[in-house]
Each structure stands twice: as C-alpha cells, then as structure tokens.
Amino acid sequence: MNLLGRRIGLAFLALLFTLSFGTVGLILTEHLSLTQAFYFTVETITTVGYGDIKLKSDAGHVFSIILMLGGAGVMLYFAGLMMAFLVEGQLAGVYGRRKMNKKIEQLQDHIIVCGAGRVGRQVLYRLRKEVYPCVVIEQQEDLVQQFIEEGYLVIHNDATQDEVLKKAGIERAKGLITALPEDSLNVFVTLTAKGLNPNVQVVARMDQLESENKLLRAGADKVISPAILGGWRMAMSILKPISIEYIETVIHDHNIEMKIMELRVDQGSCLIGRTLSKSGIKQQTGAMVLAILRDKLVISNPDAQEVIMEGDLLIVLGLREQLHRLEEVAANQTKLQPSEVG
C-alpha cells in the first residue's frame, strides 16, 4: 500500500474513533438515545449545525466544544485525503493513458493481439519472451488492469471497431492475432483488419471446424484451433513421449536458447548461388537449415547440394548468437571469406 493509502486508513480509524467517542460522550452527559447521540455527533463534526437538538447541561456544552475542536479537524483531514486520492487517481489515469497512447503511436512492425483470455494470454507471454513489440485490445476491465500492471500496452475497447484497430496502429502493424472467444468475432476482426491494411498478416483462432473456411475467406493467413493442437500434443505425448519432451525442452526451456528463425535471402546476399554445403551456414555459424520455402514449394530437410536462390525463405534452427551471425551473413553485412566456404 502506498503512503496516501496508509494515511487514508489511519484517518478513517480516527474518524471512527471520533464518532464513537462523541456518541458515548453525549449519551453520558446529555442522556440522549443512541440514535440522537450519533446524529448530533455527525452534525457537529461536519459543521452542519441544524440546531434541532438542544444541549441542556454545562457538561454537555463543554463536551460539545471538545468534539467540535477535535472532530471537525479529523473530518476535514479525512475529506481532504479522500479528495487527494480521487484527484491523484484521475490524474494518474489520464497521464498513464496518454503515455501509453504515445508509445503505441511510435510502434512500427508490431503485432496486435485481440483478446487477452486463455489463448491470448499465452500469445502475449510468448511475444514478450521473444522481446517482440505488441499491443493488446481487450474489453474486460479486470484483464485490462492486470496486463497494464504487467507492463503491456493495452487498449480497453472493442477490437471489431475500425477506430480501435487504427488506434492500435493497424496500418503500421506487421501482424494481427485475433484470439477472441467467438469465431464470428474473429471473422469480423479479420475482415476489418484486412480492410484497413491488406498487407497485415492475420492469424485467427477458431473453435468450430466449419469456421475455418469463413476465416480464410475473410482474409486470415493462418487459422489455428487450440483444441486440435492440444489434442495432437496430448496424443503425441503418449505415442512418442521422448521425442515430444526433447522438442519441448529445446523450444521452451529457459536455460536453452535454441530458436527457430525464418530468414529471407535478399538480393545481394553472399549466400545466393551457393549450395548448403558450400554456404558455410553450418560450418561457420552452427545453425541448421530445416527447410527452404521457394515460392509455393516447400523443400523439407534439404540436401547438402541444394542451391540457395534469391528470395528463398530459410527455416533455421540454432542458438540465438548463431542465428544473429547467420542473419548478418544473409543480409550481406558480413561476407564469408573464401577460406570459410572452401
């Protein structure tokens, strides 16, 4: 609890003590009923003073003076703290939203995640682990507050609205993942996103198998069923437990920095025209080419004599530093020397 919160708590306890003290004191000095004594105490410390209850004894008047001097101060102090709490909270909220909006406006090639439920939550955690910029759009206030506290950029609104996607930077985004709980909503978000940015890559969640074609027709580049993936994973964990455990260890173990990277071979790269065996990829970087995507052709487990061509997409497995080295080579930032590819 912050300092202001502790002060409000202490002031509230002091107020309760003052109300109890005043009520009991008036009962003893003026012989009022419990209700009358409490009413007169509240009337006194709030400085309202209707005058509808008359004090009859000198002891009652003296006690009333003490109550006015002490109780009014406690009441004003408590009221001031509550006002400060409300103003501070409002200002912090406004400032926080403005600061977050500025950060979102500065993003480029980020990923928008629509829905932060069970599926969206895992997407966000994975993106954070990969240190990739993202914005989440969520309607549930409790989830919004949770992810803001965790440091995510969050928009509290409806992802199906054009203006909300624009606020999330859909025109500048690299991709959008729609993980809303209803297939119809994911279809709508996909249509809206593709309408605003035809080049954005959209990955959509589906629950019903019949929704796959609808999502693809809406423009989704990839449709994922958590149920199908979960079922496959469970079956393979029974049929091939050692293999699955190895893959999970390599991909998910925090102590192992193995990564899978998609690497485009651009014009001018020193890899163009070389075979995999002569490219030096394995020998010099330690990374392993798992597959080559060439136009619509997928070359899985490519032969050592496979020639790398301009525009190829290499699917590579390796440690983080190995992939970074390979990225430099492919981008022609650091050419392999003839001795390295002998």
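Things worth noting here:
- Taking the criterion of being open to solvent by 40 Å² or more (accessible area, probe 1.4 Å) and of a type in the set (V, I, T), the residues of region 216-243 that qualify are I224, I228, I238, I242.
- Inspection of region 270-281 identifies no residue that is closer than 26 Å to E130 by Cα and open to solvent by 30 Å² or more (accessible area, probe 1.4 Å).
- Residues in region 40-69 that are open to solvent by 90 Å² or more (accessible area, probe 1.4 Å) and within 25 Å of G80 (Cα to Cα): T47, Y50, I65, I66, M68, L69.
- Verdict on V136 being under 27 Å from K99 (Cβ atoms) and either in contact (Cβ under 8 Å) with a residue 60 or more places away in the chain or among the basic types (K, R) (or both): no
- Evaluated against (1) more than 13 Å from the chain's Cα centre (by Cα); (2) more than 16 Å from V119 (Cα to Cα), L153 falls short on exactly one condition, (1).
- Residues in region 33-74 that are under 17 Å from F21 (Cβ atoms) and of a type in the set (D, E): E43 alone.
- The set of residues from region 202-215 being at pLDDT below 95, surrounded by 15 or more Cβ atoms within 10 Å (Cβ to Cβ) and out of contact with any helix residue (DSSP H, G or I) (no Cβ under 8 Å at 6 or more places or on another chain) comprises just one member, E212.
- Pair list, Cβ < 8 Å and 6+ apart or interchain, from region 109-122 residues that are under 15 Å from I170 (Cα atoms) to residues that are part of a helix (DSSP H, G or I) and among the β-branched types (V, I, T): V113/V123; C114/V189
- If you go through region 1-20 and pick out every residue that is open to solvent by 80 Å² or more (accessible area, probe 1.4 Å) and at pLDDT below 90, you end up with 7.
- Candidate set from region 314-327 (those that are modelled with pLDDT under 90 and open to solvent by 20 Å² or more (accessible area, probe 1.4 Å)); member that is nearest to I260 (Cα to Cα): L317
- Count of region 284-311 residues which are at pLDDT 90 or above, open to solvent by less than 30 Å² (accessible area, probe 1.4 Å) and in a loop (DSSP other than H, G, I, E, B): 2
- Test: residue in region 84-96 that is hydrophobic (A, V, I, L, M, F, W, C), open to solvent by less than 60 Å² (accessible area, probe 1.4 Å) and modelled with pLDDT of 80 or more: no
Residue-by-condition table, conditions (1) modelled with pLDDT under 95; (2) open to solvent by 40 Å² or more (accessible area, probe 1.4 Å); (3) farther than 26 Å from V131 by Cα:
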residue: E149; (1), (2), (3): yes, yes, no
residue: L153; (1), (2), (3): yes, no, no
residue: H156; (1), (2), (3): yes, yes, no
residue: A173; (1), (2), (3): no, no, no
residue: T178; (1), (2), (3): no, no, no
residue: V187; (1), (2), (3): no, no, yes
residue: T190; (1), (2), (3): no, no, no
residue: N197; (1), (2), (3): no, no, no
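- Among residues of region 282-300 that are more than 13 Å from R325 (Cα to Cα) and free of Cβ contacts under 8 Å to residues at least 40 places away in the same chain, those with a beta-carbon under 9 Å from a residue that is of a type in the set (V, I, T) and assigned to a helix (DSSP H, G or I) at least six positions away or on a different chain give the pairs V289/I281.
The values are calculated or read from the model by the stated rules, or taken from the named source; none is laboratory data. Keep in mind that what you see is a predicted model, and the values were worked out from it rather than measured. Cβ atoms come from the backbone with ideal geometry, glycine included; neighbour counts cover every protein chain shown. To get the accessible areas, we keep the full protein, side chains included, count just its heavy atoms, and leave off ligands, DNA and RNA. Shrake-Rupley method; radii C 1.70, N 1.55, O 1.52, S 1.80 Å.
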